[in-house]
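A short reminder: the numbers here are calculations on the coordinates, not readings from a lab. Owing to the predicted nature of the structure, the values given are computational and were not obtained by experimental measurement. Cβ placement follows ideal geometry from the backbone for every residue including glycine, while neighbour counts extend to all protein chains displayed.
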Amino acid sequence: MQRSILWVVVSAPMLTACMVAQGPGFSEAAPPAGDKALVYFYWPRAFASAARTADIYVDGKQVASINAGGYAYAYVSPEHHEFYQKWAFNPLLGNLVEDLLAPKSVGFYADLHPGETRYVRFMTGVGAPTAPNSVTLTWGLHEVTPDEGRSEIATERYQKPD
């Protein structure tokens, strides 16, 4: 039993470090051109679902892939948009888990205006168990206030679009 506990204590920090975004620290993007809006997408460091990659879409077009502790941004036309997240393809399970258990996407709608900057947070967590000996994972994509977004994104790592 002591060996098992020691293994978890020693290996958990190493495994967690492998599951977070790599890349340069936060640096502000150039201001949007007059006919665009700037949207930052970020995922604060979290253990829940951190081994996965979250793909971010605007109106059906993928604009970013981020990991826990990462951020990306996109310049978007000023109009009504649908923002949503889907999990990236899992090479071990394919889309089996998503096809059987998960909603196809989570997201929201927003109206963007020329020259503005918006912040969109992707969050993961652990919810209340739905059955004995179970774990419920939760996730969501939400717009946050500029003050909150600037504060939270400051410690994240840039992830270039593919």
Worksheet entry | Table column - 3J(HN,Hα) (Hz), the stretch 143-159, Karplus curve with 6.51, -1.76, 1.60, x for Gly and Pro | 7, 10, 5, x, 4, 5, x, 4, 5, 6, 6, 4, 9, 8, 10, 6, 10
Discussion item. Give me, ordered by chain and number, the residues 5 or more places off VAL63 or on other chains with an amide H under 5 Å from its own placed amide H.
Written reply: ILE56, TYR57, VAL58
Worksheet item: What nm value, rounded to one decimal, do you get for the distance between ALA88 and ARG45 when each label is placed 7 Å out toward the C-beta?
Response: 1.9
Practice prompt. Highest first, please rank the peptides 27-39, 61-73, 127-139 by the mean number of other Cβ atoms sitting within 10 Å of their residues.
Written response: 61-73, 27-39, 127-139
Item to complete: Which order do the peptides 114-124, 144-154 take when ranked by the mean count of other beta-carbon atoms within 10 Å per residue, highest first?
Response: 114-124, 144-154
Discussion item. Residue by residue through the stretch 65-81, what is 3J(HN,Hα) from phi via Karplus (6.51 cos²θ - 1.76 cosθ + 1.60, θ = phi - 60°)? Round to whole Hz and write x for glycine and proline.
Written reply: 10, 10, 10, 3, x, x, 8, 8, 8, 8, 9, 10, 5, x, 6, 6, 10
Worksheet entry | the stretch 111-162, relative contact order in percent, only Cα pairs under 8 angstrom and at least six apart counted | 35
